[in-house]
1. Check H58: other-chain or 5+ apart residues with amide H under 5 Å from its amide H, H built from backbone geometry?
2. By what distance, in whole Å, do the Cα atoms of region 46-90 stretch along each of the three principal axes, largest value first?
3. Counting only the heavy atoms of the protein chains, how much of D579 is accessible to a 1.4 Å probe, in Å² to the nearest 10?
4. Can you work out ³J(HN,Hα) from phi for every residue in region 611-628, in order, using Karplus 6.51 cos²θ - 1.76 cosθ + 1.60 and θ = phi - 60°, giving whole Hz and x for Gly and Pro?
5. Which of the lysines could be linked to K74 by a straight reach, that is with a Cα gap under 27 Å, when you skip same-chain ones fewer than 8 residues away?
6. Report ³J(HN,Hα) in whole Hz for each residue of region 104-111, in order, from the Karplus equation J = 6.51 cos²θ - 1.76 cosθ + 1.60 where θ = phi - 60°; Gly and Pro get x.
7. Can you give the local net charge around N484? Use residues other than it whose beta-carbon is closer than 15 angstrom to its beta-carbon, Lys and Arg +1, Asp and Glu -1.
8. Starting from the alpha-carbon convex hull of region 115-256, give the projected area averaged over all orientations, in nm².
Amino acid sequence: MATIESILQENRVFPPANEFVKHANVAGMEAYQALCQEAERDYTGFWARLAKQYISWHKPFTRVFDDSNLPFYKWFDDGELNVSWNCLDRHLTTQGDKTAIIFESDEGETVRCSYRELHQQVCRFANALKSRGVQQGDRVVIYMPMRIEAVVAMQACARIGAIHSVVFGGFSAKSVHQRIVDAKAVAVITADEQTRGGKHHPLKVTVDKALALGDTDSVHSVIVLQHTHADIVWHSERDHWWHDITADQPDTCEPTWVNAEHPLFILYTSGSTGKPKGVQHSSAGYLLGTITSMQWVFDYQPNDIFWCTADVGWVTGHSYVTYGPLAIGATQIIFEGVPTYPHAGRFWEIIQKHKVTTFYTAPTAIRSLIKLGVDLPKQYDLSSLRLLGSVGEPINPEAWMWYYTTVGQSRCPVVDTWWQTETGSHIIAPIPGAIAAKPGSCTLPLPGIDVAAIDEAGQPIKEGKGGFLVIKRPFPSLLRTLWNDPERFKNTYFPTDVAGGRYYLSGDSAHCDRDGYFWVMGRVDDVLNVSGHRLGTMEIESALVAHPLVAEAAVVGKPHEIKGESIVAFVVLRKELPDKEEAIKIAATLREWVASEIGAIARPEEIRFGENLPKTRSGKIMRRLLRTLAKGEAITQDTSTLENPAILEQLNQAV
Ligand code: WTA
C-alpha cells in the first residue's frame with residue numbers, strides 16, 4: 001500500500017474569483033477556517049448548532065452524540081422529526097408556488113412541479129402506501145425510471161417512516177431479488193418500463209422475474225406506474241396501478257414523526273467481498289449532511305436552478321436529487337434520459353433551455369462528452385452557469401481543465417467532491433467561495449470532518465505517498481450500520497488491523513500535499529469503479545462461476561479512457577481451452593450472462609481464457625499479476641512464488 005507513489009504533479013491553482021466570493025455562503029478562507037475552528041473547539045456543539053439551524057424538529061433533541069457503543073454511534077437521538085416534512089411542508093408557507101422540480105423527459109417534454117404540487121403528490125402516495133398496509137419501519141424497494149414519481153415514492157416512504165431501498169433501474173432481476181430478500185421488503189414500487197435514449201427498458205417484467213426467484217413472501221404489494229403503456233403480465237392479488245391506488249386519496253397526510261436515528265433508507269453498494277452491503281442511513285444526521293453540503297459546497301442561492309445528473313438509484317441521486325435540494329427549498333432539474341440522446345449536445349441544451357446555474361455530473365460523462373465534441377458546448381448559451389461539480393471518481397486534470405474552461409468559461413468554480421454511499425454527503429471538497437482549486441484534487445475536508453491519509457499503524461503518510469484515507473471521527477451523515485449485518489459493518493469500516501480500528505476506513509487511498517490538499521488515488525480494496533459506479537470484483541466472479549461452463553474466474557480492473565476503469569475477466573472453463581473461434585463465442589455468452597446476472601454496467605469488456613489462474617503455492621490468486629496482464633504490460637513483478645508461471649503466457653492472449 002505505502003508503495004503507491006503519486007505520479008501526479010499538478011501546479012495549476014484556481015483561487016475563487018472576487019465576484020463569486022462577494023455573494024458566497026462561505027466567503028473567503030477566513031470564513032472556512034472559522035467554521036473549522038468552531039468544530040475543533042466544540043465538535044458536538046458545532047453539529048448541534050447546525051442541526052438546530054437547518055432542521056425543523058418536531059421534538060428538539062437534548063442529547064447530541066452518543067459514543068458509548070463505538071463503532072455504533074448516535075446523533076441527536078432523543079429528537080423527533082420527519083424528513084419529508086423538512087423537504088416539503090416547511091416550504092409551503094414561504095414558497096409553496098416555487099418550482100421544486102423541472103422535469104425533462106427523454107423526448108424533451110418539460111413538466112414543472114411546485115412545492116405545493118409535489119407535497120400533494122407525496123401525501124397522496126403516502127396515503128396509498130398506508131392503505132396498502134405499509135407501516136413505519138417496513139422496507140420498500142423502489143425500482144423506477146428517473147421521473148418525478150421516483151422522488152415522490154422515496155419522499156412518501158420517508159413521510160410514513162417506511163425505509164426505502166432504491167435499486168438502480170439498470171440492475172438485473174437477480175440483483176433486485178437479492179435486495180428484496182436481504183431487506184425483507186413488503187412492497188416494490190416500479191413502472192411498466194423506463195425510457196432512456198429513445199429505447200424502452202422493462203422494469204415490471206424484471207420485478208416479476210425477481211419475485212419468481214423465491215424467498216419473497218414478504219412482498220405483499222407491487223405498485224406500478226404506468227409510463228409507456230407496455231403490455232405487462234398482471235398478478236391481480238399483488239399488483240396495483242399507481243393511478244388506481246392514489247385516485248381517491250386525500251392530498252394531505254400527517255407525517256409520521258420518527259426518532260432522529262430511525263433508518264431513512266438502505267442503499268446497497270458493492271464491497272470487496274461477498275454480496276452487496278446494505279448501507280443504512282439515519283434520518284436527522286443524513287438530512288443534515290445533505291443540507292450543509294448544499295449550503296457550503298454548492299453555495300446554494302435562492303434563485304439557483306440546480307441540476308445533478310445522477311440517477312436516484314445511486315447515493316448521489318439520493319442526496320442531491322431527492323433530499324438535499326428539496327430540504328433547502330431549491331428548484332432542480334430531473335432528467336430522464338442520457339447525455340447523448342437525441343444528440344451529443346443534450347446536456348448543454350438542457351442547461352441553456354432551463355438556465356441551469358449549478359451543474360453536477362461525473363468525470364466519465366465529462367470525458368465522453370469531450371470525445372463527442374470538444375467545442376460543442378460553445379454552440380450553446382451556458383451563461384446561466386455559476387458553479388460546476390464533479391463526483392464519482394478521480395477527475396483527471398485535463399478533463400477538469402476542459403470542464404472549467406469550455407463548460408464553465410473560466411468563470412465557474414469547479415467543485416470536485418469526494419464522498420461515498422457510506423458518508424451520505426460530501427466529505428472533501430473545495431468550498432467554492434473560499435478554497436482555491438487544483439485540477440484533480442478534491443482539496444480540503446469540509447468543516448467538522450477530520451480526515452487523514454495514514455499507514456496501518458495510524459501514522460500520517462509522508463507527502464507524496466499514498467495512504468489509507470480515513471475519517472477520524474464519526475459525523476452526523478455517516479452510515480450507522482449495514483442492514484442486518486452489524487459484524488460486517490465493524491469489520492469492513494473499523495478493521496482492527498488499521499490504526500487499531502479507531503477510524504472509519506474509506507477503502508480509498510489518497511495522499512496529502514504540502515498545502516494539506518487531498519488527492520484521491522482510487523480503491524485499495526477489490527472494488528472497481530466503472531463509469532463512477534462501484535462494482536465488487538467478487539460479485540462479478542460469483543456471477544461468472546455460476547455459469548455452467550465456468551470453473552474459476554478472477555476479475556480485475558484496467559484503466560479506461562472514458563469509463564475510468566473497465567472490467568477484464570480471466571476465466572478457467574470446465575472444459576479444455578477453446579480455440580479462437582469458440583473462445584469468441586463463449587466470451588460473448590459470458591458477457592451477456594454477467595449482464596443478466598448483475599446488470600449491464602457489470603458486463604466485462606474483455607474475457608481471457610486459461611487452463612488455470614496464476615496462483616501462489618498456497619493457492620491464492622495473484623491479482624496484481626492479472627492487473628499487469630490486463631493492462632497489456634510486461635510482467636516485472638517477482639513471480640518466484642508462483643506455482644504455475646507458464647500460465648501467464650496463456651492468459652496474455654486476448655480473445
Ligand atoms: C470514488 C459516490 C475521487 C471513491 C458518491 C469512493 C471519488 C467511491 C470521488 C464511492 C472523487 C467518489 N474523487 N474518487 N471526487 N467521488 N469517488 O459509494 O473511490 O458510489 O470510495 O459514492 O467513488 O462511490 P459511491
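1. Excluding prolines and chain starts, which carry no amide H, the hits are E80, L81, N82.
2. Computed over the Cα atoms, the extents are 35, 19, 15 Å.
3. Approximately 100 Å² for this residue.
4. Listing the rounded values in order: 7, 7, 10, x, 10, 6, 4, 8, x, 7, 6, 8, 5, 5, 5, 5, 4, 5 Hz.
5. Within reach: K52, K59, K184, K275, K277, K472, K490.
6. Listing the rounded values in order: 10, 7, 3, 8, x, 7, 10, 10 Hz.
7. On the way: positive: R139, R179, K184, K275, K277, R480, R488, K490; negative: D138, D182, D215, D485, E487.
Taking every other residue near N484 into account, the sum is +3.
8. Answer in nm², one decimal: 8.0.
The values are calculated or read from the model by the stated rules, or taken from the named source; none is laboratory data. What you see is a predicted model; the values in this text were computed from it and never measured. Backbone-built Cβ (ideal geometry, glycine too); neighbour counts: all protein chains shown. To get the accessible areas, we keep the full protein, side chains included, count just its heavy atoms, and leave off ligands, DNA and RNA. Shrake-Rupley method; radii C 1.70, N 1.55, O 1.52, S 1.80 Å.
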